[in-house]
Amino acid sequence: MKYLLLLFLLFSLLHANNVPLYFQGNKVLSSSDLYEALDIDVPLFFEFWKDPPGIDPKMQALYVEYLKEFYKSKGFYHTNIVSNTVNNKNVTITIEENAPIVIANIETISTLDVDAITPFKKGMLFDAQQFAESKKALKKFYVNKGFCNAKIDAKSWLDIEKNTAYLLYSITPNKRCYFGKVSVSSPQTIQSDIVRTFLKFKERERYSTELIRQSYDALYAQEGIAKVLIDVSERHENIVPVHVSIEDHDRPIRFNMGLGFSSDEGFAFSMGMKHRNFLSNLKTLSLKGRYTDVKKSLTGTFSMPLRNRNILGAEVGYVDERFEGYKERRTYETLYLNQYRSEHTFFEGIKYDHALTYASKDVAAFQNSDLYLLSLLLGWRYDVRDKFLDPTRGYFIKSDLSGAHNTLLSDATYLKYEFSGGYIHNMGSSVLAFRAKYGSIKVFDGAVPASYRFYAGGMNSNRAYSYRMLGPKNINNNPVGFSRVAEGTVEYRFPISGNFRGVLFSDTTLIGNSTGSNYDNTYVSVGAGLRYSTPIGPIALDFGIDTADTNQYAVHFHIGELF
């Protein structure tokens, strides 16, 4: 019945003489819920050029019948719905919702704690669609815990006269499942041992679809791979054999060109080329140039996957960057090793940096210099966010340590530490997100380039300020940077309508130049933002204002959530 009604409704849209549609009397289910259920587009508040939501008056009887079925799926079995055409100018559907079905009792038989998986609590309204989805969620939950043969028996009893519902979830886990033999089919240009490097599971490990998903992500992150299939359809009781099929690209060399804009760097143009399977086995070789309002750069990189889940890489680059008050020209060479251990990534490297500071407008604050630094690099990442550009849950930790010793190859002894972490809490349709950052640099001997200091302000920092414009300034009103910074951000992300979402945020920045625990200045901002979801991530616009100085504000534009 439901699908037949939908078919008639869709057909009517092709041959419709629509008039505006209005609802009255509905209380529990909003008008936007009803428009969405009928698949009727509702213009946003600023889309004044669009017609109001409407239907063909000839089809209103079908719409009424569909709404009755929709209300039943939401637990309203006694709803009265009538429609009326007013002067052939609009259709008004009057709804008397009456008493809904309320959940009187829930019984759960499970060896695992599934309270957070089932969406219902005693006293809630019964929703047939949510009940059906809860079965799938329980199946997925048990599979991720290693029970791939779990039997989910979910039943609901509805007492229409008493308006009560009784739910039963009975889960039989059966034997815990394990990954069986892992076989790999790959082209001649990619050895199977290299493919196994990126798999997040091993033979005899506990079965988990999450590990399979992570393996897909890790394999598709290798640009030399065109297609991945991880087949786990075969079962031998509680043993799950795995067959991995890999396809490479017919044309491994890729050229790219892009235009962009952000409030931090202004307009940007980039061009590059990459060989995605250089000399086989997913080694990559790339060259990329990028030009923005504040920075020009040319970078060459080489990476080589190893058989122990490591990647050996090298990078050489040239950067010409404009800071407020001075300019800097750098050439650098970096050799590094990335070690991947589940969600953990460890980074070790060595970097030789030649930095030329010139065109200083204040030599006391920014000394013209020609410095060489041979630095050791250490890093650690732990990231369990569900998505990179638009995360809705999870958390991450990032830590970086770099330092050098004053020798013939290095003009300074210094130690620099940077830490950041974030937590994203899912609240159904909205998200509460937190982030903290800390940075410190200590120069023991010699001198480091002015760009090694910390700067604040901008879309990834305090959004009441423009890029790198927060903090003390010299006589030319140029920020001089600082040796310590601590920042915290709180964001509340919520839906508005369709692809549009809103953000309320507060950014706090503490800066200082002393080595103690005290900070010299504190800056607190609040603001709001707008997001529009796209396939490449949300397009974002943020406005921030300093709580202590309302004349200090800034607008920021970027793509993707900041964390």
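Coordinate-derived values only; no laboratory data. Since this is a predicted model, take the numbers as computed values, not measurements. When we count neighbours, we look across all protein chains shown, and the Cβ atoms used for this are built from the backbone with ideal geometry, even at glycine.
Annotations for the structure displayed:
- Full extension of the segment from residue 408 to residue 492, taken as 0.36 nm per residue of separation minus the current Cα-Cα distance, would add 25.1 nm.
- Length added when fully stretched, residue 342-residue 234, from 0.36 nm per residue minus Cα-Cα: 36.4 nm
- Distance between the modelled labels on residue 259 and residue 202, one decimal in nanometres: 5.1 nm (7 Å Cα→Cβ projection).
- Over segment 282-343, relative contact order from alpha-carbon pairs under 8 Å, at least 6 apart, %: 27 percent
- Placing +1 on the Cβ of every Lys and Arg and -1 on the Cβ of every Asp and Glu, with nothing else charged, gives the chain a dipole about its Cα centre of roughly 1160 debye.
- With R₀ fixed at 25 Å, the C-beta to C-beta distance from residue 293 to residue 536 puts the FRET efficiency at about 0.65.
- Distance between the pseudo-spin-label points of residue 185 and residue 310 (7 Å out from Cα toward the beta carbon): 3.3 nm.
- Shown here for segment 170-242: trypsin sites (Lys or Arg not before Pro) in loop regions (DSSP other than H, G, I, E, B) with at most 15 other Cβ atoms within 10 Å, namely 175, 176, 202, 204, 235.
- Charge context of residue 473, other residues only, Cβ under 13 angstrom, K/R +1, D/E -1: 0
- Projecting the Cα atoms of 490, 216, 269 onto the charge dipole of the chain (Cβ charges, centred on the Cα centre) puts 216 farthest toward the positive pole.
- Net charge, residue 238 excluded, C-beta distance under 15 Å - Lys, Arg +1, Asp, Glu -1: +4
- The Kirkwood radius of the chain, taken over pairs of alpha-carbon atoms, gives through the Stokes-Einstein law at 10 °C and 1.306 mPa s a diffusion coefficient of 56 µm² s⁻¹.
- In summary, the aspartates and glutamates within cross-link reach of residue 68, defined as a Cα separation below 19 angstrom excluding same-chain residues under 8 places away, comprise 33, 36, 39, 56, 96, 97, 127, 159, 161.
- Potential lengthening between residue 107 and residue 24 on full extension [0.36 nm per residue; Cα-Cα distance subtracted]: 26.1 nm
- Whichever lysines have a C-alpha closer than 23 Å to that of residue 72, once near sequence neighbours (fewer than 8 apart) are set aside: 2, 27, 121, 122, 135, 136, 155, 162
- Too-long pairs where the Cα-Cα distance tops 25 Å, listed order kept, from 327/442; 274/416; 181/283; 416/437: 274/416; 181/283
- This ranking places 250, 113, 33 by how few other beta-carbon atoms lie within 10 Å of each, fewest first, which gives 250, 113, 33.
- Rough spin-label spacing in nm, given labels placed 7 Å along Cα→Cβ, for residue 247 and residue 499: 2.8 nm
- In sequence order, calculated HN-Hα J values of segment 288-305 (Karplus, 6.51, -1.76, 1.60; Hz; x Gly/Pro): 9, x, 9, 10, 10, 5, 10, 8, 10, 9, 9, 10, x, 9, 9, 9, 9, x
- Radius 13 Å from Cβ of residue 451, net charge of other residues (Lys, Arg +1; Asp, Glu -1): +3
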